[in-house]
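Data block below; observations after.
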């Protein structure tokens, strides 16, 4: 994975200091950005203390002078909190590039609320916490330098994929943004089945997690269609065939596809509800 250069002089401000912000901050510091060049606005005292203790960054309860002069301002608040958070921050944005990890909130609404026109939206996911994130990005306008800066920040947490249309970020949210929860959901089911079949919970978890990790690694290393990889594991009349047949009879695949359509619709609704 090629890591775009991120100048150590870059000054970055975070609005929101939760898990995703902490993951990005950790990645930035590992890439050489001094903690003193990172400021965070976070209303919860316990979260501020954790950020100071873990990363040594400046963490304040409200927007103030610490935001002034930032090269990049990263929105990491919940969509429901954006409008309330934007009002006091707007005066400090200046010419900073704004990078948003908020689901649903569109570029036009960020610009309207903050007065800043340089905006990149992205949708990361929680494996960013261990440096294995998958993030979709979209830039409404702006220079190649803006895109490079946004990508250099996000690549500190994993891999990236640029999309050409903003509405595609709702699909990214449905697939990879919410996707880790789907993985954990299936892992839970596999662990349950393993214990019902006589394994200990620890054994079943190890087998399930290792199988997902190995299957994903095999898919990543292959250029062949996923359907072909599946067929190679499935012998007619064998154990895998029995399991997949049971899943098909239960309608699991169409239900799973519809679930992601529901997630995509909800991402769009969040923008309608909280961005305007």
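What follows is calculated from the coordinates using simple rules that are stated; it is not laboratory data. The structure displayed is predicted, hence computed values, not measured ones. Counting neighbours? That spans all protein chains shown, and the Cβs are built from the backbone with ideal geometry, glycine included.
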Inset, instruction - Mind sorting 9, 245, 47 by how few other Cβ atoms lie within 10 Å of their own Cβ, fewest first? - result: 9, 245, 47
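Estimate the FRET efficiency between residue 83 and residue 143 by the formula 1/(1 + (r/R0)^6), using the beta-carbon distance for r and 35 Å for R0, to the nearest 0.05. Walk me through the intermediate numbers first.
Working: r = 28 Å, r/R0 = 0.80.
That pair, residue 83 with residue 143, gives E of 0.80.
Going by how many other Cβ atoms sit within 10 Å of their own, how do 239, 114, 157 line up, fewest first?
On the way: 239 10, 114 22, 157 25.
So the residues, fewest neighbours to most, are 239, 114, 157.
Can you give the calculated 222 nm mean residue ellipticity of the chain, where each DSSP H run of n ≥ 4 adds -39,500 (n - 2.57) and the sum is split over every residue, rounded to the nearest 500 deg cm²/dmol? Display every interim value, and only then the final one.
Values: 11 runs with 140 residues, N = 276.
Dividing the helical sum by the residues of the chain leaves -16000 deg cm²/dmol.
In units of 2.2 N^0.38 Å, what is the alpha-carbon radius of gyration of segment 21-82? Walk me through the intermediate numbers first.
Working: Rg = 11.3 Å, N = 62, 2.2 N^0.38 = 10.6 Å.
In units of the 2.2 N^0.38 Å rule of thumb, it is 1.07.
Average projected area of the Cα convex hull of segment 179-270, in nm²? Working shown, then result.
Numbers: hull surface 30.3 nm².
Approximately 7.6 nm², given one-decimal rounding.
Among 152, 81, 222, which comes first, then next, by fewest other beta-carbon atoms within 10 Å? If you can, show how the numbers build up before the last one.
Values: 152 20, 81 15, 222 11.
If I rank by nearby Cβ atoms, fewest first, I get 222, 81, 152.
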Inset, instruction - Equivalent ellipsoid semi-axes for segment 84-230, as square roots of 5 times the alpha carbon gyration tensor eigenvalues: give them largest first, rounded to whole Å. - result: 38, 17, 13
Inset, instruction - Please state, as a whole number in µm²/s, the translational diffusion coefficient that the Stokes-Einstein equation yields for segment 12-169 at 10 °C and 1.306 mPa s, with Rh defined as the Kirkwood radius across alpha carbon pairs. - result: 104
Inset, instruction - Starting from the Cα of residue 187, step 7 Å toward the Cβ, then list every residue of segment 8-40 with an amide N under 11 Å from that point. - result: none
Inset, instruction - Would you mind giving the three semi-axes, in whole Å and largest first, of the ellipsoid equivalent to the chain according to its Cα gyration tensor? - result: 38, 20, 18
